[in-house]
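Worksheet for the structure shown next.
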Amino acid sequence: MALAFKTPSFATSAQWTDAVESSSKTTPWSNSLLPVVRADPVDYNVPELARELVQVVSSNNAGYYVVAACDIEEGELILAGESPLGTAVADQWASEACHWSLKPLDPDTAVTCAGGGLPQYLNQQEHQSAVQDGAYSAHQLFYKTIGSRLTTGLKDTAPVRLLMQLLCLKQSNPERLAKAQALCTNRDRLDSKTLEAATKIAALVAHILLQHTELEVSLDEALDLLLKLYCNTFSNRDLDTEIEGVSLFSFGSRFNHSCDPNCTHYTVQNKLHVRTLRPIQKGEQLSISYVALFQSRPSRLQHLNASYSFICNCNRCLAEKGSDSCMTAFRCRRPRPDPENPGSTFRCKGLVSQY
């Protein structure tokens, strides 16, 4: 199992972060019932398991989001193992983890790029999977051309590699690319300084692709996808190996944020799972957290504004307005009696909740 936060861990250089932090726009995310403008077709990127339980809808102030199509019980598995549209390992693990599965490399079976450089893969089978997918050529092209040119200024180049990988799908798998392009972006909330930094990266990627693959990608196309990665990628950290990377999920990216979420999410072998934390009424929005919930309200707001250009107005944030206290523990909603100590309780029913 891996921890997963929907976060732009690549978040750019200080230029990007400083620019976004100056934003004063607010977007009221909450897990309350929101006015629905329109609903997507039932087959719109909704996995089979979730179709009877949830629906992707949209509103003017919240974009696309997920609501319950019926009453859902606590602990219900909403999403069981959604495969990512693309994945990239974090820079610090690039020489120690497989660039396809993010698994730790085994020196006896590892497959490296010609000349012994990056990218590297766990074994021949995963290398072939990356080749067939087109990810290998994108990874290889990145390290041969622009990798060293982006080592300064960016916190991590993984999203740029992911951008290159997804754009290469234009020839090999346009349907998968279209799913990434259908996601929302916060472009209209970014100022000129931020857009200028993003535009330079997008222009460089588009130029490299045209020069080395003859793949024609416009600047607007590359920039739009980069900004969608910026606010939709999930940062994964394996609890056993501590290997980190970023992944983009088509359906998973539709879950909006709340500091008092009614769902929890995690990854297993780089596949996304979402499970409810408490009973959810029909029509209620399903939410996850984009940040660590132990943080104080000011810290959470700073993170969300810097990373996503919105100020959270969920129920918890409104209740904690004016407070800078931090959460110190998760309170068990359904403690069980402890058979060894009558009158006391122990652990919850396999689930945790914030309050």
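The values are calculated or read from the model by the stated rules, or taken from the named source; none is laboratory data. These numbers were taken from a predicted model, which means no experiment stands behind them. Neighbour counts run over all protein chains shown; Cβ positions are idealised from the backbone, glycine included. Areas reflect the complete protein model, heavy atoms only, side chains present, ligands, DNA and RNA absent. Shrake-Rupley method; radii C 1.70, N 1.55, O 1.52, S 1.80 Å.
Remarks
Table: residues versus (1) farther than 20 Å from Thr157 by Cα; (2) open to solvent by 40 Å² or more (accessible area, probe 1.4 Å).
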{"residue": "Val66", "(1), (2)": "yes, no"}
{"residue": "Glu76", "(1), (2)": "yes, yes"}
{"residue": "Ala80", "(1), (2)": "yes, yes"}
{"residue": "Ser83", "(1), (2)": "yes, yes"}
{"residue": "Gln92", "(1), (2)": "no, yes"}
{"residue": "Cys98", "(1), (2)": "no, no"}
{"residue": "Leu102", "(1), (2)": "no, no"}
{"residue": "Pro107", "(1), (2)": "yes, yes"}
{"residue": "Ala110", "(1), (2)": "yes, no"}
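- Restricting attention to region 70-94 and to residues that are in a loop (DSSP other than H, G, I, E, B) and among the acidic types (Asp, Glu), the residue that is nearest to Leu163 (Cα to Cα) turns out to be Glu76.
- All of (1) over 15 Å from Leu167 (Cβ atoms); (2) surrounded by 23 or more Cβ atoms within 10 Å (Cβ to Cβ) hold for Ala202 with one exception: (1).
- Every pair of residues 6+ apart whose Cβ atoms lie under 6 Å, when the first sits in region 290-305 and is within 14 Å of Arg316 (Cα to Cα) while the second is open to solvent by 20 Å² or more (accessible area, probe 1.4 Å) and in a helix (DSSP H, G or I): Val291/His303
- For Asn341, the stated conditions do not hold, so it cannot be described as at negative phi, of a type in the set (S, T, N, Q) and either modelled with pLDDT of 80 or more or open to solvent by less than 60 Å² (accessible area, probe 1.4 Å) (or both).
- Qualifying residue in region 249-259 (condition: on the phi > 0 side of the Ramachandran plot and open to solvent by less than 10 Å² (accessible area, probe 1.4 Å)): no
- Residue list for region 260-270, restricted to those being surrounded by 18 or more Cβ atoms within 10 Å (Cβ to Cβ) and among the hydrophobic types (A, V, I, L, M, F, W, C): Cys263
- Restricted to region 164-215, and to residues there that are outside any helix (DSSP H, G or I), under 19 Å from Thr145 (Cβ atoms) and touching a residue at least 24 places away in the same chain (Cβ under 8 Å), the residue that is nearest to the chain's Cα centre (by Cα) is Cys168.
- Checked against (1) modelled with pLDDT of 80 or more; (2) of a type outside the set (A, V, I, L, M); (3) out of contact with any helix residue (DSSP H, G or I) (no Cβ under 6 Å at 6 or more places or on another chain), Arg347 passes all but condition (1).
- Gln211 meets each of the listed conditions (1) loosely packed, with under 15 Cβ neighbours inside 10 Å; (2) in contact with a Ser or Thr (Cβ under 7 Å, 6 or more places away or on another chain); (3) not acidic (Asp, Glu) apart from (2).
- A search for C-beta distances below 6 Å between a residue of region 256-271 that is modelled with pLDDT of 90 or more and any residue that is part of a loop (DSSP other than H, G, I, E, B) and of a type in the set (Gly, Ala, Ser), counting only pairs 6+ apart in sequence or on different chains, returns Pro261/Ser289.
- Considering region 271-287, and only residues there that are surrounded by fewer than 24 Cβ atoms within 10 Å (Cβ to Cβ) and under 14 Å from the mean Cα position of the chain (by Cα), the residue that is nearest to Gln55 (Cα to Cα) turns out to be His273.
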